[in-house]
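The values are calculated or read from the model by the stated rules, or taken from the named source; none is laboratory data. Owing to the predicted nature of the structure, the values given are computational and were not obtained by experimental measurement. A quick note on method: Cβ atoms are made from the backbone with ideal geometry, for glycine too, and the neighbour counts reach across all protein chains shown. Accessible surface areas use protein heavy atoms only, side chains included; no ligands, DNA or RNA. Shrake-Rupley method; radii C 1.70, N 1.55, O 1.52, S 1.80 Å.
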Amino acid sequence: MIIKSVKARKVLNSRKQPTIEVTVNGKFSAAAPSGASTGEHEVQAYPDDGLDYAIRFINEYKGFAGLSVECLSDLEEVEAILPVVKGNPMIALEFAILKAASKNKIWKFLNLDASKVPMPLGNVIGGGAHIKSPAKPDVQEFLLLPDTERFKDAKFINEHIHKIVGKRLKVKSLTDEGAWAPQLDTTTILDTLKEIVDKAVKETGIKVGIGLDVASSSFFKNNSYEYKNYSKDVREKKLIPEEQISFMAGLAKKYSLVYIEDPLCEEDFEGFKKLKSKTSTLVCGDDLTTTNLERLKMAKECINAVIIKPNQIGSLIQTKQAVDFALENGITPVISHRSGETMDATISHLAVAWNIPVIKCGIHGKERQAKLKEVLKIEKQIR
Ligand code: 2PG
Ligand code: MG
């Protein structure tokens, strides 16, 4: 595919915040998502001069026309010309180029032999940085991870449990990612969720486990984890790192958690390692690793799963390197949406093309459904 034209413009994401959309060759468009609980080590989302500058730069740049893109590594040339618009603009641009090069079949363009679709890790209840209520849960996300043969069944069970949880908790408000936002503490939520999940598994015969994204850096202050909604009886509680590790290991055991993301703060590699040795659940880095190969290398012995968010590193080439490193080292890569999302479903294609076994993309809301439905569509093309 030869690039003929590239146009950028401002659009709104699911949080109604401005983001960048790039269109290549007139009809292949992609937009970048953005996070609320961003890691310290993520690349800057926009250049110092801001989103408008990045849009102007892309629109005025004359060097795209004539570039040929036949495989992923051809994007190296694009990344080399545009170091000034790293972060979100680069990701929107690279996604749009891949769409144009593949005529919207990115998975096939990147990997003709792809044969597996990922399992959806879906957010059913949330708190933390994703809502504003005072009595919100400290933990940012309570997640569901099915284990099924067909994606259809996995999508179904997540949506089924999401509906039951809404009715049971009698909440109307949702987090940015379409998860229920009750005013409850972590263990009360886990008690209820476990009961609902166990019943649903029994009734449907579909396997699904509970996970957490603790996003603990957001409440780690002065060397302790400052809970504001610790348990039914104790509101405020400070845990030092050793206590946080025991608390997390205890939750993993009591609720048979299958996945814990960012249980410790983003600098505590040793803490992750200790927790990993105490539990058989997936211990996942997100703010810890920020899709950065160097940090992933540092975390190699400390985690057995890693979040992959292309806009954390602002380069698809480097994103792929992180995925490959994870796969080669027995670390489960989990490709992920951001809390501020768009209708773009490129991550669904990357999951399939790059053999990523899990996609974290929410359950409820049109931006989350767009990604789930895209996986369903790809599953039909593969089988
Ligand atoms: C996370 C993400 C997505 P954000 O922490 O994993 O769920 O949140 O996009 O706000 O960083
Ligand atoms: Mg996270």
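Points worth noting:
- Of the strands (runs of 3 or more DSSP E) lying entirely inside segment 1-112, not one contains at least 3 residues that are polar (S, T, N, Q) and surrounded by 15 or more Cβ atoms within 10 Å (Cβ to Cβ).
- Test result for K167, at negative phi, more than 16 Å from ligand 2 (Cβ to nearest atom) and touching a helix residue (DSSP H, G or I) at 6+ places or on another chain (Cβ under 9 Å): no
- Residue satisfying condition, being in the same structural domain as V214 (by TED's automatic domain parsing) and under 20 Å from the mean Cα position of the chain (by Cα), within set D153, D147: D147
- Residues that are more than 20 Å from T289 (Cα to Cα), surrounded by 19 or more Cβ atoms within 10 Å (Cβ to Cβ) and of a type in the set (D, E, K, R), drawn from segment 223-269: none
- Against the test of being assigned by TED's automatic domain parsing to the domain that holds V124 and modelled with pLDDT of 95 or more, the options K167, K172 yield a single qualifying residue, K167.
- The residue that is farthest from S73 (Cα to Cα), counting only those in segment 320-351 that are part of a loop (DSSP other than H, G, I, E, B) and of a type in the set (S, T, Y), is S339.
- Within segment 327-349, tally of residues that are touching a helix residue (DSSP H, G or I) at 6+ places or on another chain (Cβ under 7 Å), away from ligand 2 (no atom under 15 Å from the Cβ) and either under 14 Å from I307 (Cβ atoms) or open to solvent by less than 20 Å² (accessible area, probe 1.4 Å) (or both): 6
- Within segment 352-369, considering residues that are buried (at least 18 other Cβ atoms within 10 Å of the Cβ) and part of a helix (DSSP H, G or I), the one nearest to the chain's Cα centre (by Cα): R368
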